[in-house]
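Nothing in this text is a laboratory measurement; each read-out follows from the coordinates by a stated rule. All of these numbers come straight from a predicted model, not from anything done at the bench. Don't worry about glycine lacking a Cβ; one is built from the backbone with ideal geometry, like all the others, and counts go over all protein chains shown.
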Amino acid sequence: MQRITIGVLAAVLVISTMTGAGMPKTDKQEKLVAIVIDDFGNRMSGTEEMLKLPIPLTMAIMPFMPTTKQDAEAAFQRGHDVIVHLPMEPNKGKREWLGPGAITTDLSDEEIRKRVEAAIDDVPHAVGMNNHMGSKATADVRIMRVVLGVCKERGLFFLDSRTTYRTVVPQVAAELGVPLLSNSVFLDDVSTLTHITRQLGKLSDELESNAVCIAIGHVGTPGKKTAAAIEQSIPKLQSKARFAHATELLPSAARNDQILP
């Protein structure tokens, strides 16, 4: 599996979810759509169904969980991108929902660094990272400077799940020179087949005016429904774009600077 080594980048790719600002807009180039599936690592419902989907996927795997390594290896063997699904503090919710090794705003810089490095080490084949929850942490400049600093040192891109409109991830990523991707559509924030299908339609609509789009779904409660809806939507989405790994959406300078692990 190739790893991404971050050099000096002239620009950072930022895909905005709220306005579409920063998205390449063209009808002439090949359009790309990347589907990211969160919450692997804990024997969640829909895991096998997601792994069997006949398209490139990006699997976000939580560290320090019962099947973290098993799921990472399974995803890697099937040719999917693997990224760390880093638990981060939300504005609302119980802390125990985050799982082990969570990044919270009461931690020191040193402890944050230690936890991020340990999370990366715990997920085999990881080439990137995204936030699990994190509406509070991703709005905190201090926190994100440490998290993204480790990503840069370890050669990982960051995918901003955009769980808050107050996210500071784009500005800090630009400051540090960390390649950044951003979520366009949550597929299953409501875990009904009707809603998931509607969100996939929204993703299709986004591709009318944007050259690249990212959608995030989940294993767990909506997992089997999300997998079924994605499979059903493949022909429609393929008529507009090519399914791609998240790494294919990175700035060319980052994609070209790759070495074997």
**Complete:** Which residues qualify? For Ser182, with a placed amide H closer than 5 Å and at least 5 residues away or on another chain, they are Ile15, Asp160
**Complete:** Packing-ranked peptide list from 138-148, 110-120, 30-40, highest mean Cβ count within 10 angstrom first, is 30-40, 138-148, 110-120
**Request:** Mind giving me the nanometre distance, one decimal, between the label points for Glu153 and Glu111, set 7 Å out from Cα along Cα→Cβ?
**Result:** 1.8
**Prompt:** So, with +1 on the Cβ of K and R and -1 on the Cβ of D and E, and no other charges, what is the size of the charge dipole of the chain about its Cα centre, to the nearest 20 debye?
**Reply:** 380
**Request:** Name the lysines eligible as straight-distance cross-link partners of Lys236: C-alpha to C-alpha under 23 Å, and not fewer than 8 places from it in the same chain.
**Result:** Lys25, Lys28, Lys31, Lys52, Lys202, Lys224, Lys225
**Request:** Could you tell me the distance between the Cα centroids of the range 58-77 and the range 123-168, to the nearest Å?
**Result:** 18
**Message:** Can you return the lysines within cross-link range of Lys136? Criterion is Cα-Cα under 19 Å, with same-chain partners fewer than 8 residues away left out.
**Reply:** Lys92, Lys94
**Request:** Write down the Å³ per residue value for the convex hull defined by the alpha carbon atoms of the range 123-226.
**Result:** 120
**Asked** Kyte-Doolittle mean at least -0.5 and Cα extent at least 18 Å along the axis: which DSSP H helices of the chain qualify?
**Response** 141-154, 223-238
**Complete:** A correct fewest-to-most ranking of Leu181, Leu156 by other Cβ atoms within 10 Å would be Leu156, Leu181
**Helical mean residue ellipticity (222 nm; -39500 (n - 2.57) per DSSP H run of 4+; nearest 500) of the chain** = -10500 deg cm²/dmol
**Fill in**
hull vol. (C-alpha, convex hull) per residue for the range 94-150, Å³ -> 83
**Message:** Averaging the inverse of every distinct alpha carbon separation and then flipping it gives the Kirkwood radius. What is it for the chain, in angstrom units?
**Reply:** 18.1
**Fill in**
Karplus-derived 3J(HN,Hα) from phi for the range 179-192 (6.51 cos²θ - 1.76 cosθ + 1.60, θ = phi - 60°), whole Hz, x at Gly and Pro, runs x, 10, 10, 9, 5, 9, 9, 7, 7, 9, 5, 10, 8, 10
**For the range 176-246, fraction of C-alpha pairs farther apart than 13 Å, in %** = 65
